[in-house]
Number of protein chains: 2
Amino acid sequence: MPKPASLVRNQLKGGHVRGSRTGRPIMVLLDLFGRRWCLRILWELREQSMTSRALRAACDEASPTVLNQRLKELRAAGFIELVPASGYGLTDLGRELLVTLLPLHRFAERWGKAIKSQ
Amino acid sequence: MPKPASLVRNQLKGGHVRGSRTGRPIMVLLDLFGRRWCLRILWELREQSMTSRALRAACDEASPTVLNQRLKELRAAGFIELVPASGYGLTDLGRELLVTLLPLHRFAERWGKAIKSQ
DNA sequence: ATCGTACGCTACCGATTTTGTAGCATGCCG
DNA sequence: CGGCATGCTACAAAATCGGTAGCGTACGAT
């Protein structure tokens, strides 16, 4: 059974759930991102908030089980929040994170072309 | 059984292995990163090349099974390469990718402090 | 030549994670 | 009330990952 919602905080405070055992923030972050749908969720929320079901649709109908697990983890991490009216959306911290992730889009486009033309 | 080494190219050319089914580069990239150890491997190689065994040690002794799977995928993606003399290292493309990923480190540090002091 | 060692990599199997489907409880609005 | 959308969970099957052992090659030292 996965840890409750304080997973990320636990990990950062010295516990370890999986992956990095050092507790260094960058390692915890890299490990958190190395879970299916995690980055994708953040990405889909980059421009607008969405209900959990809209989010699921945006994520190729990923199974609600994992999706909710990720949503818990991302909430524990402080990247997203659930606002009763508008659904899931990025927090201020989440938006900061997205800014650092945004250049990936341009890179991905160049990369796609490079691979296809091989 | 996982696809051979052209996994990423297949996916980008319209096939689908898992995760995103659109084939848009950003989705394929986000899906590729959502696998255990993938980002960590890139991160550990950011400053120097390493032999596969040193890399394994750097990645908390991750199991060689998955590690080699990731290494195959990352090679197929063109981000890393195996140089007989020096081991695994980033390609030019891989270095470009790392540059877009580097701001994460600073963010992670701020994030770690924010979470711990909650 | 024969060790000893390190390398990249694979096989195997048990453990964990993810998927897919169904469904619950709540709230809202006609 | 009845219909509908929401956030979320249960459960079994499938896929992925972890941990250990070990293979085949290369290279340097004895």
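Just so it is clear, none of the values below were taken in a lab; they were calculated from the coordinates. Quick caveat, the model's predicted, so the values are computed rather than measured. All Cβ positions, glycine included, derive from the backbone under ideal geometry; neighbour counts span all protein chains shown.
If you place +1 on the Cβ of every Lys and Arg and -1 on the Cβ of every Asp and Glu, how big does the dipole about the Cα centre of region A:38-116 come out, in debye to the nearest 20?
Details: 12 positive and 9 negative charges, 57 e Å.
That gives a dipole near 280 debye.
Which one, B:Pro64, B:Gly87, B:Gln48, projects farthest toward the positive side of the charge dipole computed for region B:7-116 from Cβ point charges (K/R +1, D/E -1)?
B:Pro64
Taking 28 Å as the cut-off for C-alpha to C-alpha distance, list the pairs among A:Lys72/A:Lys116; A:Lys72/B:Lys113; A:Lys113/B:Lys72 that go past it. If you can, show how the numbers build up before the last one.
Details: A:Lys72/A:Lys116 37 Å; A:Lys72/B:Lys113 20 Å; A:Lys113/B:Lys72 20 Å.
Where the Cα-Cα span goes over 28 Å, the pairs concerned are A:Lys72/A:Lys116.
Net charge within 15 Å of B:Gly94 by Cβ-Cβ distance, Lys/Arg positive one each and Asp/Glu negative one each, not counting B:Gly94 itself? List each step's numbers first, then the result.
On the way: positive: A:Arg110, B:Arg40, B:Arg46, B:Arg70, B:Lys72, B:Arg75, B:Arg95; negative: B:Glu44, B:Glu47, B:Glu73, B:Glu81, B:Asp92, B:Glu96.
My count for the surroundings of B:Gly94 gives +1.
At A:Glu47, with labels set 7 Å past Cα in the Cβ direction, how many nm apart are the copies from this one, shortest first?
Nearest to farthest, the other copies are at 3.9 nm.
Would you mind ranking A:Arg24, B:Arg40 so that the residue whose beta carbon has the fewest other beta carbons within 10 Å leads the list?
By the 10 Å Cβ count, ascending: A:Arg24, B:Arg40.
Under the Karplus relation 6.51 cos²θ - 1.76 cosθ + 1.60, θ = phi - 60°, what is the ordered set of whole-Hz ³J(HN,Hα) values for region B:56-69, x standing for Gly and Pro?
With the stated coefficients, region B:56-69 comes to 4, 4, 5, 9, 6, 6, 3, 5, x, 4, 6, 4, 5, 5 Hz.
I'd like the mean, over residues of B:101-109, of how many other protein chain beta carbons sit within 10 Å of each residue's own Cβ. Each step should come with its number before you reach the end.
Values: counts 6, 2, 6, 8, 6, 2, 9, 9, 4.
Averaged over the peptide's residues, the number is 6.
List, in order, the whole-Hz ³J(HN,Hα) value for each residue of region A:33-42 obtained from phi through the Karplus relation with A = 6.51, B = -1.76, C = 1.60 and θ = phi - 60°; use x for Gly and Pro.
Along region A:33-42, the couplings run 5, x, 10, 4, 6, 4, 5, 4, 4, 4 Hz.
Per-residue mean of other chain beta-carbon atoms within 10 angstrom of the beta-carbon, peptide B:60-70?
Values: counts 8, 1, 1, 0, 0, 0, 0, 0, 0, 0, 1.
Shielding by partners across B:60-70 averages 1.
Let me know the mean shielding of A:110-117 by other chains, meaning the per-residue number of their Cβ atoms within 10 Å of its Cβ. Intermediate results must be reported in sequence, preceding the final value.
Numbers: counts 4, 12, 8, 2, 5, 12, 5, 0.
The shielding value for this peptide is 6.
What whole number of Å gives the distance from the Cα centroid of region B:82-97 to the Cα centroid of region A:66-111?
Centre-to-centre (Cα) distance: 30 Å.
For a quick check: with amide H placed at 1.01 Å from N, whose amide H comes under 5 Å from B:Ile80's, ignoring anything fewer than 5 positions away on the same chain?
Under 5 Å from the amide H of B:Ile80: B:Arg75, B:Thr91.
Over all directions, average the projected area of the Cα convex hull of region A:38-116 and note it in nm².
Values: hull surface 22.6 nm².
Averaged projected area of region A:38-116's Cα convex hull equals 5.7 nm².
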